[in-house]
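Accompanying notes for the structure given below.
Derivation of every value follows stated rules applied to the coordinates shown; laboratory data play no part. In this text the structure is predicted, and so the values were computed from the model without any measurement. Using ideal geometry, Cβ is built from the backbone for each residue, glycine included, and neighbour counts are taken over all protein chains shown.
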Amino acid sequence: MTISNESRSYTGDAMHALNEMVVLVNPQDQEVGMMEKMEAHRKGALHRAFSFFIFNSNGEWLLQQRAHDKYHSGGLWTNACCSHPRKGESAATAATRRLQEELGLYCQAKPLFHFIYRSEFSNALIEHELDHVCVGYSDQLPEPNPEEVSSYRYISTEALEFELSAYPENFTVWFRICYEQVKDKLAALKQTA
């Protein structure tokens, strides 16, 4: 699926990202190599990623607003954290680690599902990810890393659905793509519990 998305120019963390490597995969999530992160985003190479969704005991979604100088999607609202696993690291382990780095929270990530998406940004970068979606539950208050996160908030499902419908441009592409599936899979899990 290809979705156009306006994005801010990248500055601050683009330099840091130059040293990061991502795991290249085929559509079956089998590793086929490694590539420098920004090169993978310039070429649109399919790589492994994760999106971590956190809920509090009131059932509210923890959202973060990405730092404004992120290399893409700066200032947009999204799930609690997202990034790329390191070589040999599971998506759930990476999500647990990255949540601590971005929001100062510890919460064990539980795998839920995965999907592939491709999105081209106005700054000539391309997200082409096999995204592992994980969930977790915590009432701990975040302590955001300002290099990664501008703000955070908890929001009810009803309010989030309204905002996604009325202002979809305020949310990241991957969040808009997988939101309904996260909601539906969690509802199905509650019915079987």
Anisotropy class of the stretch 2-192 from Cα gyration tensor, a/c 1.5 cut: rounded
Residue exposure sequence - Lys87, Lys110 - by fewest surrounding Cβ within 10 Å: Lys87, Lys110
Debye, to nearest 20: dipole size of the chain, +1 on Lys, Arg Cβ, -1 on Asp, Glu Cβ: 340 debye
Loop-located GluC sites (Glu not before Pro) in the stretch 67-110, at most 13 other Cβ atoms within 10 Å (DSSP): none
Remind me, relative contact order of the stretch 2-192 in percent, using alpha carbon pairs under 8 angstrom and six or more residues apart? 26 percent
Over 31 Å between alpha carbons, listed pairs Lys37/Lys190; Lys43/Lys87; Lys87/Lys190: Lys37/Lys190; Lys87/Lys190
